[in-house]
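A quick write-up on the structure given underneath.
The values are calculated or read from the model by the stated rules, or taken from the named source; none is laboratory data. Note that the structure is predicted; figures quoted are calculated from it, not measured. Positions of Cβ are generated from backbone atoms using ideal geometry, with glycine treated the same way; all protein chains shown enter the neighbour counts. Remember, those area values only see protein heavy atoms, side chains included, never the ligands or the DNA or RNA. Shrake-Rupley method; radii C 1.70, N 1.55, O 1.52, S 1.80 Å.
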Amino acid sequence: MLTIIRERLRQGHRTSRYPKEEPTLPERFRGRPILKPERCPEGCEQCLERCPFGALEKVAGELRLDLGRCLFCAECAAACPHEALRFSRDHRLACRRREDLEIGKGEYLLAGALEARMKKLFGRSLKLRQVSAGGCNACEADLNVLGTLVFDLGRFGIQFVASPRHADGILVTGPVTENMKSALLDTYAAVPEPKLVIASGACAIGGGPFRDSPEANNGIGDLLPVDLYIPGCPPHPYTALDGLLRLLGRL
Amino acid sequence: MTSPPSLLSLKNGGSLPLARVPELDYDGFAATLRAEVEGGGRVAAYFAAPDQGEGLALYALLARDWKEDLVPLRTRLGSRFASLTPACPQLHLFEREIAEQFGVLPEGHPWFKPLRFHPVRRGRDPWERNQQGLPVCGDMPYYRVEGEEVHEVAVGPVHAGVIEPGHFRFQCHGERVMHLEISLGYQHRGIEEQLSGGPHPATLYRMETVAGDTSIGHASAYCMVLEALADLQISPRAAALRAIALELERLANHVGDIGALAGDVGFLPTASFCGRIRGDYLNLSAELCGSRFGRGQVRPGGCGFDLDEARAAAILERLKAIERDTRGATELFFDTPSALARMEGTGTVSVADAEALGLVGMAARACGLARDVRLHHPHGAYAGSFDDCIIEESGDVFARASIRRREIHSSLAWLKQALASLPAGQARREVPPAAPQSLAVALVEGWRGELVHVGLTDASGRFSRYKIVDPSFHNWSGLAMALRNEQISDFPLCNKSFNLSYCGFDL
């Protein structure tokens with residue numbers, strides 16, 4: 001017992017001060033991309049060619065980046081000779097609508113809070129059932145991390161629960177493999193109304209690296225109504241936490 | 001026994017023209033394989049590949065750990081073949097896999113069931129399932145035990161925690177488990193299938209997600225295959241950077257697992273500390289390459305990110321601080337008699353079973369089998385610098401926990417040495433085109449165990465077949481064995497002590 005107490009004192013209190021203080025992320029962390037389409041010269045498509053997932057496109061000559069498809073590999077930024085796009089260290093990425101995940105020149109619209117009735121229901125206590133539908137376990141691991149003392153999800157009233165019957169919504173990872181489709185839909189059906197659906201990670205949003213695979217669907221967008229999109233491959237725990245807190249109107 | 005002189009051997013990270021792979025008739029192939037296995041060899045990879053026309057070639061890659069080499073064998077298959085599983089149980093899943101992928105029938109297979117429940121790629125469905133629509137995952141006859149007071153517990157695919165899906169059937173007599181059958185396939189994304197005709201621009205990213213917690217391991221093995229096919233030596237610096245990332249991956253997962261085991265036996269101090277410390281190691285990976293899971297670090301020809309002197313020194317400093325926390329947190333657990341008593345004698349796998357089933361990695365080492373790619377098939381930065389294969393003999397949950405604790409210490413020692421003495425050189429080289437009509441093999445000791453990647457190329461140097469064997473492919477059978485005669489309530493603890501990958505199995 002004494003050794004436990006001694007070790008407890010030595011290890012100290014390490015819960016982050018987020019959201020009161022912004023997190024410090026590593027220098028090489030790839031967060032929200034910043035686009036400067038005005039720097040793109042006519043006919044240059046070097047960045048587009050480097051993206052195997054079609055996350056980048058040119059719409060009427062203007063560069064657009066779809067964060068729902070982006071794996072944050074930053075190969076496009078490395079390929080650009082004109083510094084027209086770079087990845088910042090901003091971890092805030094989550095959005096409420098699929099189309100908001102598109103980055104252009106303008107302001108990026110972060111997730112807004114739930115409407116008043118839903119916020120009243122879930123704002124102070126949100127229980128989520130997590131379903132991995134082909135997720136590679138990186139998304140799942142970084143969601144598990146939210147339960148550790150560093151992030152301490154419980155202090156915001158958010159908790160992952162074992163049964164969909166106890167849940168206010170589901171948080172899905174993975175591109176939805178053919179073999180998990182019915183289990184995912186069954187789990188969703190078992191959650192009592194009203195309920196939320198959260199897509200976490202590039203796979204759940206748009207199929208990620210498995211987009212258009214014959215064995216998987218392209219995420220949950222076509223299968224379920226999504227209330228929150230959390231981009232990333234996998235999303236950083238702070239990105240996920242930021243999204244959840246925005247949804248509940250806590251940020 | 002001594003091998004016939006016609007057998008060819010191959011080193012880890014090597015390649016050879018397909019024409020030189022010895023081709024035997026099926027009986028000769030079977031006899032050679034059995035002789036090698038009886039002589040101490042084991043099956044590292046076993047797969048079929050479509051040949052010209054209707055034919056099917058069957059490849060076996062036998063690892064001879066004591067000779068540091070691998071023996072490739074080949075034969076041809078018709079629509080059915082005599083199953084070798086009764087004589088060589090470690091082939092049981094491999095043969096089911098071949099049947100499911102190519103519609104050929106292994107006659108006399110004692111446990112002949114689907115594996116991943118995807119449509120048969122060609123030929124006839126060996127189970128004669130309905131060809132309209134897709135196979136239903138988990139739809140197969142399970143083992144059943146009948147009798148008074150015998151009952152069945154079915155769990156999954158969606159489990160209680162934030163984990164991947166799988167289905168488990170326990171045949172129980174009261175609390176006692178007589179048999180556990182594990183049915184997977186829910187995470188099947190078709191990675192191998194998508195590799196035909198590759199590499200494609202998206203391939204590397206799929207490799208990094210074969211098993212997300214083994215991103216570095218699988219990406220390394222894949223890059224080694226590309227480099228072997230191109231006959232490219234990466235620089236010693238790049239090799240060291242890859243190994244550093246791999247050891248950080250091992251540390252994060254081992255520490256996390258000890259925390260999870262502590263949580264499962266109800267010892268919360270270590271559970272809480274290790275949950276946090278795991279994140280500290282992941283954050284070190286992010287210092288290397290920006291991603292907590294090492295995405296972007298391993299690239300064909302070397303590494304995506306170099307490590308300058310200042311950054312290496314900063315990482316080394318942080319590592320020393322995290323090491324103190326790690327030691328404090330884990331020693332607490334291993335000094336607590338009640339926690340140890342909960343693990344000792346629980347979920348035991350005998351060395352005979354481990355050997356027969358071909359277990360690899362930690363699960364094998366915990367049963368007393370010395371199997372470690374870093375020692376037996378050293379490659380890159382491990383060559384000559386790793387002689388510390390840690391084994392335990394009791395084969396129980398304690399042994400698997402203890403392996404992790406001791407490997408944490410040896411990894412830390414190796415890592416500190418490597419960070420302090422990074423060789424000079426460039427981090428990445430251009431990879432020449434792959435050799436046509438060749439076979440290349442790469443073995444990497446991921447944190448769970450041996451990852452095997454085998455690439456076969458066609459006349460234009462594209463992949464005609466790419467085979468991935470994740471350690472989980474061998475080891476799920478070990479978990480089933482560990483549960484025999486245990487209490488069903490010990491399942492979470494046994495399961496966590498293996499901590500296998502669903503994705504890595506399902507691919």
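Summary of computed values
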item	result
Single residue of region B:322-376 satisfying the filter (over 27 Å from the mean Cα position of the chain (by Cα), open to solvent by 30 Å² or more (accessible area, probe 1.4 Å) and small (Gly, Ala, Ser)) that is farthest from the other protein chains (Cβ to nearest Cβ)	B:Ala341
Helices (runs of 4 or more DSSP H) within region B:428-507 that include 3 or more residues charged (D, E, K, R) and either open to solvent by 20 Å² or more (accessible area, probe 1.4 Å) or free of Cβ contacts under 8 Å to residues at least 40 places away in the same chain (or both)	none
First in region A:203-232 and within 14 Å of chain B (Cβ to nearest Cβ), second anywhere and among the charged types (D, E, K, R) and assigned to a strand (DSSP E or B), Cβ under 9 Å, 6 or more apart	A:Gly206/A:Asp66
Selection status of B:Pro157, open to solvent by less than 60 Å² (accessible area, probe 1.4 Å) and either touching a residue at least 60 places away in the same chain (Cβ under 8 Å) or outside any loop (DSSP other than H, G, I, E, B) (or both)	no
From the options B:Arg276, B:Arg292, residue that is touching a Gly at 6+ places or on another chain (Cβ under 9 Å) and assigned to a helix (DSSP H, G or I)	B:Arg276
Selection from region B:249-270 of residues that are buried (at least 22 other Cβ atoms within 10 Å of the Cβ), farther than 17 Å from B:Asp213 by Cβ and within 11 Å of another protein chain (Cβ to nearest Cβ)	B:Thr270
Boolean, A:Ser182 is under 30 Å from B:His200 (Cβ atoms), part of a helix (DSSP H, G or I) and free of Cβ contacts under 8 Å to residues at least 40 places away in the same chain	yes
Condition check for A:Glu49: open to solvent by 30 Å² or more (accessible area, probe 1.4 Å), within 11 Å of chain B (Cβ to nearest Cβ) and either farther than 28 Å from B:Thr209 by Cβ or free of Cβ contacts under 8 Å to residues at least 60 places away in the same chain (or both)	yes
Test result for B:Asp280, open to solvent by 10 Å² or more (accessible area, probe 1.4 Å) and either of a type outside the set (S, T, N, Q) or within 12 Å of chain A (Cβ to nearest Cβ) (or both)	yes
Test: residue in region A:145-152 that is assigned to a strand (DSSP E or B) and either within 13 Å of chain B (Cβ to nearest Cβ) or surrounded by fewer than 23 Cβ atoms within 10 Å (Cβ to Cβ) (or both)	no
Criterion: touching a residue at least 24 places away in the same chain (Cβ under 8 Å), over 18 Å from the mean Cα position of the chain (by Cα) and under 30 Å from B:Pro157 (Cβ atoms) - qualifying residue of B:Phe117, B:Phe81, B:Phe94, B:Phe47	B:Phe117
Flag for B:Glu287 being closer than 27 Å to B:Ala442 by Cβ and assigned to a helix (DSSP H, G or I)	yes
Residues satisfying the stated conditions in region A:212-229, i.e. among the charged types (D, E, K, R) and either under 15 Å from A:Leu128 (Cβ atoms) or surrounded by fewer than 20 Cβ atoms within 10 Å (Cβ to Cβ) (or both)	A:Asp212, A:Asp222, A:Asp227
Selection from region A:162-186 of residues that are open to solvent by 10 Å² or more (accessible area, probe 1.4 Å) and within 9 Å of another protein chain (Cβ to nearest Cβ)	A:Ala162, A:Ser163, A:Pro164, A:Glu178, A:Asn179, A:Ser182, A:Ala183, A:Asp186
Region B:16-43, residues that are in a helix (DSSP H, G or I) and crowded, with 18+ Cβ neighbours inside 10 Å	B:Leu18, B:Phe29, B:Ala30, B:Thr32, B:Leu33, B:Glu36, B:Val37
